[in-house]
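Note sheet for the following structure.
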Amino acid sequence: MNGLKLFLLVAVAGICFALTAPKTQAQVSVDIGVAPDCPYGYYDVPPYDCAPYGYYGPEWFTGGVFIGVGPWFHGPEGFRGHVNNRFHPEHGYNGPRPARGEKPDPNKHVDKIAHFKGNEVRDGRGHAVEGKR
């Protein structure tokens, strides 16, 4: 019987402590900073490295300006755009990529990529949505 009384006393004390504990409001602030300055766009997954010319299809550019991906995405709701994922490191690409801040080659038009070979459709938020256009 003493064990039961002790258990009830501890349970009641625990409930009292839980009810009288002050409530706190969580304040979360995330500063994503500025988008990477890449001449042909940047990959849609961290660390957001610069993507090479030919990774993104022309629908990713408006007036020659990259619409962004990841936290800096500025495309319309429901946006879908083609990429050539052979130029993505997760698919084995190990070739040259421009550095941040590098200027685009004036001969490479991002909104009219000749012979673009998109093989995947992405949503700009890190998701492949192939076939859902």
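Okay, here's what the table says:
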read-out: Within-10-Å neighbourhood charge of TYR40 [Cβ basis; K, R +1; D, E -1]; value: 0
read-out: Dimensions in Å of segment 39-133 - Rg and Dmax from alpha carbons; value: 12.2, 33
read-out: Label-point gap, in nm, between VAL45 and HIS115 - each point 7 angstrom along Cα→Cβ; value: 2.8
read-out: Cut-off 11 Å between beta-carbons: net charge of the residues surrounding HIS88, Lys and Arg +1, Asp and Glu -1; value: -1
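Bear in mind that the values in this text are calculations on the coordinates, not laboratory data. For clarity, every value in this text was computed on a predicted model and none was experimentally measured. Positions of Cβ are generated from backbone atoms using ideal geometry, with glycine treated the same way; all protein chains shown enter the neighbour counts.
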